[in-house]
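Asker: Handing you a structure now.
The values are calculated or read from the model by the stated rules, or taken from the named source; none is laboratory data. Computed from a predicted structure; not experimentally measured. Please note: Cβ atoms are built from the backbone with ideal geometry, for glycine as well, and neighbour counts cover all protein chains shown. Ligands, DNA and RNA are excluded from the accessible area calculation, which covers all protein heavy atoms including side chains. Shrake-Rupley method; radii C 1.70, N 1.55, O 1.52, S 1.80 Å.
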Protein chains: 4
Amino acid sequence: MTANTFGRHLRLTTFGESHGLAMGAVIDGFPAGVEFDVDRDLVPHLNRRRPGQSGLTTSRKESDSPEILSGVFEGRTLGTPICVVVHNRDARSRDYDPNYYRAGHADRVWEEKFGHRDHRGGGRASGRETLCRVIGGSFARLLLPEDLRLVAFVRQVGTHVARDLPDPLTIDAVDAHPTRCPDPAVAETIAEELRLCKEEGDSRGGVIELQIHDAPIGLGEPVFWKLKNALADAMMSIGAVVGVSLGDPVAAITTPGKDFHSGVSGDGPDAGISPAASGIQGGISNGEPITLRVFFKPPSTVGSMAKEGRHDPCILPRAVPVVEAMAALVLADLHLATASNRKFSLPFAN
Amino acid sequence: MTANTFGRHLRLTTFGESHGLAMGAVIDGFPAGVEFDVDRDLVPHLNRRRPGQSGLTTSRKESDSPEILSGVFEGRTLGTPICVVVHNRDARSRDYDPNYYRAGHADRVWEEKFGHRDHRGGGRASGRETLCRVIGGSFARLLLPEDLRLVAFVRQVGTHVARDLPDPLTIDAVDAHPTRCPDPAVAETIAEELRLCKEEGDSRGGVIELQIHDAPIGLGEPVFWKLKNALADAMMSIGAVVGVSLGDPVAAITTPGKDFHSGVSGDGPDAGISPAASGIQGGISNGEPITLRVFFKPPSTVGSMAKEGRHDPCILPRAVPVVEAMAALVLADLHLATASNRKFSLPFAN
Amino acid sequence: MTANTFGRHLRLTTFGESHGLAMGAVIDGFPAGVEFDVDRDLVPHLNRRRPGQSGLTTSRKESDSPEILSGVFEGRTLGTPICVVVHNRDARSRDYDPNYYRAGHADRVWEEKFGHRDHRGGGRASGRETLCRVIGGSFARLLLPEDLRLVAFVRQVGTHVARDLPDPLTIDAVDAHPTRCPDPAVAETIAEELRLCKEEGDSRGGVIELQIHDAPIGLGEPVFWKLKNALADAMMSIGAVVGVSLGDPVAAITTPGKDFHSGVSGDGPDAGISPAASGIQGGISNGEPITLRVFFKPPSTVGSMAKEGRHDPCILPRAVPVVEAMAALVLADLHLATASNRKFSLPFAN
Amino acid sequence: MTANTFGRHLRLTTFGESHGLAMGAVIDGFPAGVEFDVDRDLVPHLNRRRPGQSGLTTSRKESDSPEILSGVFEGRTLGTPICVVVHNRDARSRDYDPNYYRAGHADRVWEEKFGHRDHRGGGRASGRETLCRVIGGSFARLLLPEDLRLVAFVRQVGTHVARDLPDPLTIDAVDAHPTRCPDPAVAETIAEELRLCKEEGDSRGGVIELQIHDAPIGLGEPVFWKLKNALADAMMSIGAVVGVSLGDPVAAITTPGKDFHSGVSGDGPDAGISPAASGIQGGISNGEPITLRVFFKPPSTVGSMAKEGRHDPCILPRAVPVVEAMAALVLADLHLATASNRKFSLPFAN
């Protein structure tokens, strides 16, 4: 298995078992000279993912204080690998024996595959692993064009769909409610449902929507590293994600082509940009807003164990920064890739 | 851009512009000694993708005869890179000037990114590129366990959904109708709708469903090379695909956790396998059937140009073997990866 | 095995068995818009490697006409993978049985490893494989800064060492003699010795020296992709190469440090560039000339078979363009890598 | 820059600046279930590289206590990434200003390349970086066949060459003298010369020889991942290494082919294994002993600063475990690669 690195030019390698000593990330390929302040550029993102943010999430407490072991010096990156470690603290390992598998979890299949696992918790299959993605994404953001705006939010939980969104949609607007659903009325309904879930040991899935505004034209490398499959790859690697779509998949499959593509100007010198493309054509960003939907199944911890409070009845609120982090990693990686697309852009070109 | 290789252990590199001399594929990392016969193992798959198979698809004709340039000797693979080339023949290049962009196509964004493109056709952004994926998948299939069964079919076109499926679902059953929809009644409705589309210059999207039966337990490498994100990556790299999901995404997001996970046995030594997991837990195959849905938007060629007949009103029938090919590549690649998971499985282990 | 790709940003994938249908190369990651003319930019390099150039080399004849299958359109690269194929023509396959192994060749070990091989010739272990490297290098050259000068030559054959070199040393000066030794007197001695070798079925090894002038400062990525180990990797992957050194290895190991580093200015603001470094410090080019020595063993075909004339008594003259090609690939690849070293150099930087 | 990962199947990622908080390594792709004990399997190797081992080396003291952050549980590897961190303690950072460059060091070229560096020490260009390689190599060794024997030793320092070697040559025999030269008489001469060097602020280069005994047949993946170029790549990435050769390069270039290949049996069913091949044919191990020579230049710190005692007058004794570590990484990586060479060796093969 050599599967703990994400990215090509910007490479995030993560490590750590949920009940081991520490979680961590090494970011390689990060340019030199980029200003970085841990309290400004990293801690806020970790805090958005942290357990125990509200009554709607797990009651576990993790301070999640990052330690920068390398790659940053005097407030700027060195162009060398950046290692960030977060020690595990509130990891109450269960006492039960190694042959005990939690229902619906990866415990058994992990055991079958590897023959040996850290049975104190989910190990690498724990949601705690996403902490390392947020670290990587926090650095990746620093490479993005300043006017590029990346915002994820809870679009749907169970059957409740946010429809009335603030414009512009900002991270502050998203964070205004603990559900991270920016439609205040729907947010309240969702919050009520999640409180009930906690009481009843039930859980909920839903949809996180990611919007990318003002992405430059040209991100995405055909044919196997298109922007759309890079994003799908990134999102589907998150534990509970079961689907991903560019725009609304139901509309795309059911709308006749003439209607779906109706906004496109006719063939000719001015043709090309299609509003139906959700910002990506031929796998390449076309300058229009990009909308991605990420589908989460409900957490598998249900019943009596779920009632203990150390589990999230719905991980979507805490997954919002994870979705943003994965998107930032993809965008920054493709951004770096773009640097060598044309000869005249090379530093030593003729 | 260095994006024309797919896979890690088994690596498919594709090349070719739709209106250039040839399309081709190089497959590296393929084990030695595997029997291969071009007419048995490759041509049938190419024929399933070929244009001009029925009145429902484009009227273009491409014989698509593959030439094996390397890597196979006396009917068996050599362990060296396999190069397969298919010359382009029926490529009537359009006469119009380089500054003419087709509506809804990648022409313009490609021009903006690269500054130079093969304006005679879609180049690498043409659907013809998928021919190379079918070549790769044809070889990948030969590495899969014999009892593993991989079958894709048209589940939905527009609003018409196949519900009444043969059991077992076989490739022959799928190919029995030119729509590759194995529900005969729905297939006829779809066929009728597509004939109308051709007349009216309209187009249709839909859903291809992929079923993987009897996959071995243990395919998938956490955390960034899980089986589910590898499949999502593979599928979303196909031109017209706008979404992908493990199982039914709507059910996953709307069903309460207690119901969604109801089939899971309780915690304990016997727990673990969840039917709701659609065959993948912790990113690893659990031995249960895997169901993947792939969402296609309608082709962007609509209106007068679509009426000329050289375009598919719906690419799903011809995309079925492409979806299978990409799945085979993912499965074979993870299969090879699994070979070095445990020390005792190594050839020179102690 | 997935080992037929060289490079990271600029990726050369080669294929082909010496007695199969064709040899070929796919170059991915090559920027768009670079002017390319096959007769100007590729054929001359292939001709320098071709068999049958003079009485000193094999009498085999290969026209080695390259066919560009993709990636170039109207005289400029497309930014898509470039595939070049050269068909094998003068491949007289031997008649002997598969269990016959040539002494000193890779035949047996290849058989043991793969269990199946193309016994008509050396397969991938043939020197003919280097043709594909020359193809790759021909494209790579086009990415290098115009004033960078790359020249390889035969420094030593057997015990004869070229000492009296023209200044400046040009490719024309190297090609002036069929031995590619630019010291005319030594060249003649070598030529005489090689004629004798052909008569007696003997063979000779030697040293090719590579000089790189006016490389920009900054090529090389610490710590595992330094310029020096990238070059060593590239050269040692050539069949008959048994050693590689930056500058003169004997001087480096026997000269006391005080003398070896005597040309270095003292510590301080002006310090740093060391003439003893042979142009590479900390693995990074420092702007000074780079000298690399590549050590070749004598060909293993000796005795009666060598007298038949279809083997080179010394491969160094024909290996000169191969060494240059591998160097060009390394330099161009690191050049592309450098494009994303600093944030301000990114195309979409703030 | 994305250059801090070594290996393909077994991947070592290293991080850390010499005067930063810590050095570290992440090893990914390591199989599950391998027994590991830090005091038995890691600390001894680190101690062999540690500064301050004898009067011949630097007087710096580093305890170099490794902390295993992940990937090992209850004495066995988990198949997850293994992170090992060593905190820097005796890092007396110099006071001088950022514009001060040490003669012969990478300081200036690093500054030119990255525009920002950790001017307190060599950063990533420090020899301290090799500590992380030893960590990686210590794990890699655990994957090698038990009877494979890997031993490196000091063959030459300056003009003094070890000739009288113990048979068998063991690590204990090598470590019997602080020079790690196993020829006792020559070892004493070398020791005397190095003591003089310390007094006079001089330094010495030399040759480390690596012997690999009882490697299995079949390690090495043609054509760009041969065993020989993988080893060259690995060794030349070490700071002070300026050359590498398979066997004796001078003999290979000066000996006539008939003599060089004289030990090879004639063509035919029994032919193939050549003693002149130094254990590698066609880039693949042939079962014979492999001998690699690694050439080091003298350290560039000479003169008054060298007399302070915090620098090694000759790094070869401490580089011996580094050479072994890099070799172990290469061998283990190719071993893992071999696992998927033939279909019948796959875990889910038919």
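Asker: How big is the gap, in Å, between the Cα center of the range B:145-212 and the Cα center of the range C:302-325?
Answerer: Centre-to-centre (Cα) distance: 59 Å.
Asker: Moving on. Translational D (Stokes-Einstein, µm²/s) of the range C:64-209 at 20 °C and 1.002 mPa s when Rh comes from the Kirkwood sum over C-alpha pairs? The partial results should precede the final answer.
Answerer: Details: Rh = 19.0 Å.
Taking Rh from Cα pairs, D becomes 113 µm²/s.
Asker: Estimate the FRET efficiency between D:Val250 and B:Ser65 by the formula 1/(1 + (r/R0)^6), using the beta-carbon distance for r and 51 Å for R0, to the nearest 0.05. Intermediate results must be reported in sequence, preceding the final value.
Answerer: Details: r = 54 Å, r/R0 = 1.06.
That pair, D:Val250 with B:Ser65, gives E of 0.40.
Asker: Sort D:24-36, D:207-219 by packing, meaning the average of other beta carbons within 10 Å per residue, with the highest value first.
Answerer: With the highest mean Cβ count within 10 Å placed first, the list reads D:24-36, D:207-219.
Asker: Can you spot the lysines whose alpha carbon is less than 30 Å from A:Lys297's alpha carbon? Ignore those fewer than 8 places along the same chain.
Answerer: Within reach: A:Lys61, A:Lys113, A:Lys198, A:Lys226, A:Lys228, A:Lys307, B:Lys226, B:Lys228, B:Lys258, B:Lys297.
Asker: On the rotation axis linking copies B and D, which residue of B comes nearest by its Cβ, and by how many whole Å?
Answerer: Minimum Cβ distance to the axis, with residue: B:Ala339, 2.
Asker: If you don't mind, another one. Between D:Asp39 and the same site in the other copies, what are the distances in nm, shortest first, taking label points 7 Å from Cα along the C-beta direction?
Answerer: With the label placed 7 Å along Cα→Cβ, D:Asp39 yields 4.2, 7.0, 7.7 nm.
Asker: Just from the alpha-carbon atoms, what are the Rg and Dmax of the protein assembly as shown in angstroms?
Answerer: 30.9, 94
Asker: Using only Cα atoms, locate the centre of the range C:226-266 and the centre of the range D:1-31, then give the distance between them in Å, rounded to an integer.
Answerer: 25 Å
Asker: Give me log10 I(q)/I(0) at q = 0.17, 0.21, 0.23 Å⁻¹ for the range A:1-78, Debye formula, one equal scatterer per alpha-carbon, no solvent.
Answerer: -0.85, -1.14, -1.24
Asker: Between C:Ser54 and B:Leu196, with labels modelled 7 Å along Cα→Cβ, what's the label distance in nm to one decimal, could you check?
Answerer: 7.8 nm
Asker: Now for a separate question. Give the calculated FRET efficiency between B:Arg89 and C:Asp172 to the nearest 0.05, with a Förster radius of 60 Å applied to their Cβ-Cβ distance.
Answerer: Plugging the Cβ-Cβ distance into 1/(1 + (r/R0)^6) gives 0.85.
Asker: A follow-up question, please. Go ahead and estimate [θ] at 222 nm for chain C from helices alone: -39,500 (n - 2.57) per DSSP H run with n ≥ 4, summed, over the residue count, rounded to 500.
Answerer: Only helices count here, giving -8000 deg cm²/dmol.
Asker: Would you grab the residues whose amide H sits under 5 Å from the one on B:Gln281? Only those 5+ places off in sequence or on another chain, please, with H modelled 1.01 Å from N.
Answerer: For B:Gln281, whose amide H was placed from the backbone, the distant partners under 5 Å are B:Asn286.
Asker: While we're on this one: With θ set to phi - 60°, apply the Karplus curve 6.51 cos²θ - 1.76 cosθ + 1.60 along the range C:194-208 and write out the HN-Hα couplings as whole Hz, x wherever there is a Gly or Pro.
Answerer: For the range C:194-208, the Karplus curve yields 6, 4, 5, 4, 4, 5, 9, x, 9, 8, 9, x, x, 10, 9 Hz.
Asker: Enumerate the amide H contacts of A:His19 below 5 Å, restricted to partners 5 or more residues apart or on another chain; note that Pro and chain-start residues carry no placed amide H.
Answerer: Close amide H contacts, sequence-distant or interchain: A:Gly123.
Asker: In debye, nearest 20: dipole of the range C:1-140 around its Cα centre with unit charges on the Cβ of K, R (+) and D, E (-)?
Answerer: Computed charge dipole of the range C:1-140: roughly 400 debye.
Asker: Once the label point is set 7 Å along the Cα-to-beta-carbon vector, what list of distances in nm do you get between D:Ala185 and its counterparts in the other copies?
Answerer: Once sorted, the set of distances for D:Ala185 reads 4.0, 9.9, 9.9 nm.
Asker: While we're looking at this one, here's another question. Less than 14 Å Cβ to Cβ from B:Ala176, Lys/Arg counted +1 and Asp/Glu -1: what total charge do the surrounding residues give?
Answerer: Local net charge: -3.
Asker: Next question, about the same structure. Using amide H atoms built 1.01 Å from N in the peptide plane, name the residues 5+ places from D:Phe73, or on other chains, whose amide H lies under 5 Å from its own.
Answerer: Residues meeting the criterion, in which the H sits 1.01 Å from N, are D:Leu78.
Asker: Only Lys, Arg, Asp and Glu count, each charged at its Cβ (+1, +1, -1, -1), so figure out the dipole size of chain C about its Cα centre, rounded to 20 debye.
Answerer: 820 debye
Asker: Please compute the net charge surrounding A:Ser203, taking Lys and Arg as +1 and Asp and Glu as -1 over other residues with Cβ under 14 Å from its Cβ.
Answerer: Net charge around A:Ser203: +2.
Asker: Using only the Cα atoms of the range D:5-340, construct the convex hull and provide its projected area averaged over every direction, in square nanometres to one decimal.
Answerer: Computed as one quarter of the Cα hull surface, the answer is 18.4 nm².
Asker: While we're looking at this one, here's another question. With an 8 Å cut-off on Cα pairs and a minimum separation of 6 or more residues, tell me the relative contact order of the range A:5-340 in percent.
Answerer: 23 percent
Asker: Tell me, in nm to one decimal, what length is gained between A:Thr159 and A:Asp259 on full extension, where the rule is 0.36 nm per residue of separation less the Cα-Cα distance?
Answerer: Using 0.36 nm per residue and subtracting the Cα-Cα distance, I get 33.3 nm.
Asker: Residue by residue through C:280-293, how many Cβ atoms from other chains fall within 10 Å of the Cβ on average? Walk me through the numbers before you get to the answer.
Answerer: Values: counts 3, 9, 13, 10, 8, 3, 5, 2, 0, 0, 0, 0, 1, 3.
That average works out to 4.
Asker: If we hang a label 7 Å off Cα along the beta carbon direction at A:Pro168, how far is it from the matching labels on the other copies, in nm, shortest first?
Answerer: Label-point separations across copies, in nm and ascending: 5.2, 5.6, 7.0.
Asker: Roughly how many Å² is the accessible area per residue of chain A, as a whole number, for a 1.4 Å probe?
Answerer: 30 Å²
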